[in-house]
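The values are calculated or read from the model by the stated rules, or taken from the named source; none is laboratory data. Keep in mind the model is a prediction, meaning the values are calculated, not measured. Quick reminder, even Gly has a Cβ in these numbers, built from the backbone with ideal geometry, and neighbours come from all protein chains shown.
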Amino acid sequence: MTKKLIAIGILIYFSLINLAYAIDSHAVVLMYHRFGEDRYPSTNISTESFIQQLDFIEENGFKVWPLEKVVEYLNVKKPLPDKVVSISIDDAYLSVYQVAYPILQQRKMPFTVFVSTDYLDKGYSSYMSWDELKDMVDHGVSIGNHSTSHNHLIEKHSEENVNAWLTRVAEEIFNAESRIKEKTNYKTSLYAHPYGEYTNVLAKFIAELGYISFGQQSGAIGENSNFIALPRFPISEHYADMLEFKHKLYSLPMPIKHISPQEVITRLSIPSVTVSLSQDLMVSKNSLVCFASGQGAIHVSWLNNLQFVAKARKPFSSRRTLQLYN
């Protein structure tokens with residue numbers, strides 16, 4: 001590759017009280033990684049912050065549902081009750097078993113762990129063992145597929161054509177599925193894209209393998225969400241502010257009709273996104289705010305009541321932005 005691939009994206013959400021458009025059945029999925037591991041601030045949540053967030057969920061009448069149940073309801077357009085949230089955790093770090101699991105088990109809150117199987121097979125000390133993962137499964141925790149290697153699967157090797165690349169991806173996913181079934185006796189149809197990265201070709205291919213997939217882009221999920229890369233709200237100590245957490249829990253899916261460009265990967269260093277809505281939001285246009293990683297709020301131009309353009313303020317130097325679309 002001669003240029004870095006950049007996943008372009010916007011973050012858009014409103015609180016319930018500010019919205020006047022028709023609201024589909026929806027839920028919010030939270031995504032965590034590490035717990036109480038302060039040396040990894042970009043992926044860690046402190047134990048105190050985690051407990052505070054769970055307290056807020058309980059005290060404000062949210063219902064914590066298994067991720068598979070939420071997906072099942074939305075997939076067949078079965079109405080969800082209001083204020084449904086699911087908890088997902090990526091990568092199966094040891095702190096999930098030692099810190100998060102006892103807290104969630106005590107509160108009887110279900111959750112899903114997306115597992116990259118090579119890390120458990122190699123016995124890395126910072127990850128759970130298969131026995132620990134099996135213990136959680138035996139007590140009601142669900143598992144999702146996160147590939148075997150957790151590599152950047154969007155990238156073709158130099159010697160690969162498209163068919164060879166997709167064959168390698170399928171092997172990653174099926175081998176992970178086989179190891180999960182062998183070691184825990186758990187069968188899953190949920191998949192999380194490593195690093196939240198995907199292309200349309202890759203995501204559609206994984207859907208053809210029988211998986212419903214999740215990304216790492218922020219947003220609520222609803223009946224009309226794209227099941228090849230459902231959004232989740234990443235949670236870490238960098239984003240542990242309780243007011244921000246509240247806004248995430250009360251967020252709704254945007255009524256998006258079309259996005260251009262449709263491909264979420266670009267080589268442009270200053271990307272822009274044009275969004276067409278299926279219905280008027282019936283709020284002040286100034287209320288809509290778009291964000292990009294490392295740039296904060298970015299420029300938004302309304303073309304008409306149903307269409308706007310969001311553009312980065314400056315070039316991106318890193319591989320990824322806030323990622324993808326809501």
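Applying the set (1) part of a helix (DSSP H, G or I); (2) surrounded by 17 or more Cβ atoms within 10 Å (Cβ to Cβ); (3) out of contact with any strand residue (DSSP E or B) (no Cβ under 9 Å at 6 or more places or on another chain) to L153 leaves exactly one unmet item: (1). Just the residues that are modelled with pLDDT under 90 and within 12 Å of Y198 (Cβ to Cβ), please, taken from the stretch 227-265. If the condition is that a residue be modelled with pLDDT under 90 and within 12 Å of Y198 (Cβ to Cβ), then E263, V264, I265 are the ones that fit. If you go through the stretch 102-127 and keep only what is more than 15 Å from G144 (Cα to Cα) and in contact with a strand residue (DSSP E or B) (Cβ under 9 Å, 6 or more places away or on another chain), you end up with I103, L104, R107, K108, M109, S126, Y127. Please verify whether the stretch 158-168 includes one or more residues that are β-branched (V, I, T), over 17 Å from L94 (Cα atoms) and out of contact with any Phe, Trp or Tyr (no Cβ under 6 Å at 6 or more places or on another chain). Within the stretch 158-168, one or more residues are β-branched (V, I, T), over 17 Å from L94 (Cα atoms) and out of contact with any Phe, Trp or Tyr (no Cβ under 6 Å at 6 or more places or on another chain). Residue count for the stretch 277-315 under the criterion of being surrounded by 12 or more Cβ atoms within 10 Å (Cβ to Cβ) and in contact with a helix residue (DSSP H, G or I) (Cβ under 9 Å, 6 or more places away or on another chain): the result is 6. Identify all residues within the stretch 103-119 that are crowded, with 18+ Cβ neighbours inside 10 Å and among the polar types (S, T, N, Q); write none if there are none. Passing the criteria: T112, S116, T117. The requirement of being in a helix (DSSP H, G or I) and either among the basic types (K, R) or surrounded by 14 or more Cβ atoms within 10 Å (Cβ to Cβ) (or both) is not satisfied by K78. Here L281 fulfils each of the conditions (1) part of a loop (DSSP other than H, G, I, E, B); (2) under 20 Å from the mean Cα position of the chain (by Cα) apart from (2). The condition of being out of contact with any Asp or Glu (no Cβ under 7 Å at 6 or more places or on another chain), without any contact (Cβ under 8 Å) to a residue 12 or more places away in the chain and of a type in the set (F, W, Y) holds for Y124.
To keep it simple, each residue is scored yes or no on (1) touching a strand residue (DSSP E or B) at 6+ places or on another chain (Cβ under 7 Å); (2) buried (at least 19 other Cβ atoms within 10 Å of the Cβ).
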| residue | (1), (2) |
| --- | --- |
| S189 | yes, no |
| E197 | yes, yes |
| A203 | yes, yes |
| I212 | yes, yes |
| G215 | yes, yes |
| R232 | yes, yes |
| D241 | no, no |
| K248 | yes, yes |
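Considering only the stretch 195-214, state which residues are over 14 Å from N145 (Cβ atoms), part of a loop (DSSP other than H, G, I, E, B) and among the small types (G, A, S). The answer is none; no residue qualifies.
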